[in-house]
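**Q** This is the structure I want to talk about, given as structure tokens.
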Amino acid sequence: MLGKFRTQPGEAFGRVLRVLRLERGLSQEALALEAGVQRNYVSLIERGVNQPTIKIIFKLAAALAMKPSQVIEHVEAVAQVGYRKESVPGSKVNLSDVSVCETNRGT
């Protein structure tokens, strides 16, 4: 199904990043600090405004205690199946429970 996505990969990456961050109980600020990036950059990625470079993907994965390939597997799944129920496959976090205000505040 290469090339056909229900959700754009950049948007899927942001959704996955938010879910993985919340599952670990991290704020945007804490994740950014651990990954060595700016908090507002994490916010921009999560909202699908910016797309991370491979270097940033590696940094974020390390901060989440994951392999970059694991993060990308989640992104691929979300991009291919979409996220109608506002969740990431295999995740305990439901994104419909997360308000825009909360995510922009750095929680």
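**Q** For region 58-80, which residues satisfy the criterion of being touching a residue at least 40 places away in the same chain (Cβ under 8 Å) and within 11 Å of the chain's Cα centre (by Cα)?
**A** Once the filter is applied, which keeps residues that are touching a residue at least 40 places away in the same chain (Cβ under 8 Å) and within 11 Å of the chain's Cα centre (by Cα), region 58-80 yields Leu60, Leu64, Val71, His74, Val75, Val78.
**Q** I'm checking my understanding of the structure. Among residues of region 1-41 that are charged (D, E, K, R) and not in a helix (DSSP H, G or I), which one is surrounded by the fewest Cβ atoms within 10 Å (Cβ to Cβ)?
**A** Lys4
**Q** Within region 42-68, which residues are under 16 Å from Val19 (Cα atoms) and outside any loop (DSSP other than H, G, I, E, B)?
**A** Val42, Ser43, Leu44, Ile45, Glu46, Ile57, Leu60, Ala61, Ala62, Ala63, Pro68
**Q** Quick one: which of Val88, Val19 is modelled with pLDDT under 80, within 11 Å of the chain's Cα centre (by Cα) and of a type outside the set (Gly, Ala, Ser)?
**A** Only one candidate qualifies: Val88.
**Q** Could you please find all residues in region 42-53 being surrounded by fewer than 22 Cβ atoms within 10 Å (Cβ to Cβ) and either in contact with a strand residue (DSSP E or B) (Cβ under 8 Å, 6 or more places away or on another chain) or among the hydrophobic types (A, V, I, L, M, F, W, C) (or both)?
**A** Residues satisfying the conditions are Leu44, Val49.
The values are calculated or read from the model by the stated rules, or taken from the named source; none is laboratory data. Values in this document were obtained by computation on a predicted structure and should not be read as measured data. All Cβ positions, glycine included, derive from the backbone under ideal geometry; neighbour counts span all protein chains shown.
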